[in-house]
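The values are calculated or read from the model by the stated rules, or taken from the named source; none is laboratory data. Nothing here was measured: the structure is a model prediction, and the numbers come from that model. Cβ: placed from backbone, ideal geometry, glycine included. Neighbour counts: every protein chain shown.
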Amino acid sequence: MFPDYIEPVFRPPSEGRSMIFQVTNGCSWNKCTFCDMYTQPQKKFRARDEAEVLAEIKAAAAAGPRFTKVFLADGDALILPVRRLENILLQIKESLPWVERVGAYCLPRNIRKKSVGDLTRLRELGFGIAYVGAESGDDKVLQAISKGETYESTKEALLKLKAAGIASSVMVLNGMGGKALSSQHAINTARLMSETQPEFLSTLVVSYPLGVARVEAGFDSLGYKYELPDQHGLFIELREFIANLELKNTIFRSDHASNYLPLKGSLGQDKQSLLDQLDIAIHKPGQISLRQEWQRGL
């Protein structure tokens, strides 16, 4: 990372050993009521100057082949025009020939704006994985949190990625439906994942370090009271989600520091094992290792 980047810069846990190039600042949507990542004044969205980005990639060659992955920050690099993304990927190929994969956070709306042909071209140039925050597959939840997406719009984006041969890593928020919409949030999100078969799937427990007022207001506008489920309720919701998944070959992770019960496996072969662990957490919590509140990274 370069010292003049506009902080904070976020990246997925799996990109911890990646070289980061900040090709945009902030998030082009930035209206989701649950998200505080890009709310600081300095994170107002803008695309960085292309020449500046290309120069940084050239300069990064001096670091040598210590990093085999590149992450394009910030919130949704795929908002950039295809031509600009092609130039960035071509520069990475030229200057950093040892790089094996390029990834980025991607909003469904920006994936949908590109054709399968465009996405295929980006994949051929090294773009290998898109991190998509689906959050939920329930339209009422998505409306309440001002996601700006629907079940169908997220489905379309994920299927486009698959058609282009780009892996998708989908993030879902445990607790995002609150107590009122917990069950339909779990069931409809599982249905969305089953219809799109992402290569990677992870769940995080939603948290509100800067307060929950915006989320509550969104649910109030639809006639629901928002209350985050307690630990027991989160386990029940997660169990219902996994029970309704029909996945063939998806790497599943629920081991982010926000989760009380770290889970990992391959779905569907490890589905029953994951359900068994959740049953212990629900019915016999003293018999399984759970993170304490002070151990959780929120």
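Some values worked out for this structure:
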| quantity | calculated |
| --- | --- |
| Any chance Phe67 is among the aromatic types (Phe, Trp, Tyr) and either in the same structural domain as Ser146 (by TED's automatic domain parsing) or under 21 Å from the mean Cα position of the chain (by Cα) (or both) | no |
| Qualifying residue in region 87-100 (condition: assigned by TED's automatic domain parsing to the domain that holds Ile187 and part of a loop (DSSP other than H, G, I, E, B)) | no |
| Subset of region 17-43 [modelled with pLDDT under 85 and in a loop (DSSP other than H, G, I, E, B)] | Met37, Tyr38, Thr39, Gln40 |
| Spans of helices (runs of 4 or more DSSP H) in region 123-219 with at least 1 residues in the same structural domain as Phe241 (by TED's automatic domain parsing), buried (at least 19 other Cβ atoms within 10 Å of the Cβ) and in contact (Cβ under 8 Å) with a residue 60 or more places away in the chain | 139-144 |
| Checklist (1) buried (at least 17 other Cβ atoms within 10 Å of the Cβ); (2) part of a strand (DSSP E or B) applied to Leu261, failing item | (2) |
| Pair list, Cβ under 9 Å, 6 or more apart: region 59-70 residue under 13 Å from Ser18 (Cα atoms) and touching a residue at least 12 places away in the same chain (Cβ under 8 Å), other residue polar (S, T, N, Q) and not in a loop (DSSP other than H, G, I, E, B) | Ala60/Ser95; Lys69/Ser14 |
| Count of region 233-258 residues which are at pLDDT below 95 and part of a helix (DSSP H, G or I) | 0 |
| Given (1) out of contact with any Cys (no Cβ under 8 Å at 6 or more places or on another chain); (2) over 19 Å from Ile166 (Cα atoms); (3) not aromatic (Phe, Trp, Tyr), number of the condition Met37 does not satisfy | (1) |
| Filter result (over 20 Å from Arg17 (Cβ atoms) and not in a helix (DSSP H, G or I)) within region 101-122 | Cys106, Leu107, Lys113, Lys114, Ser115 |
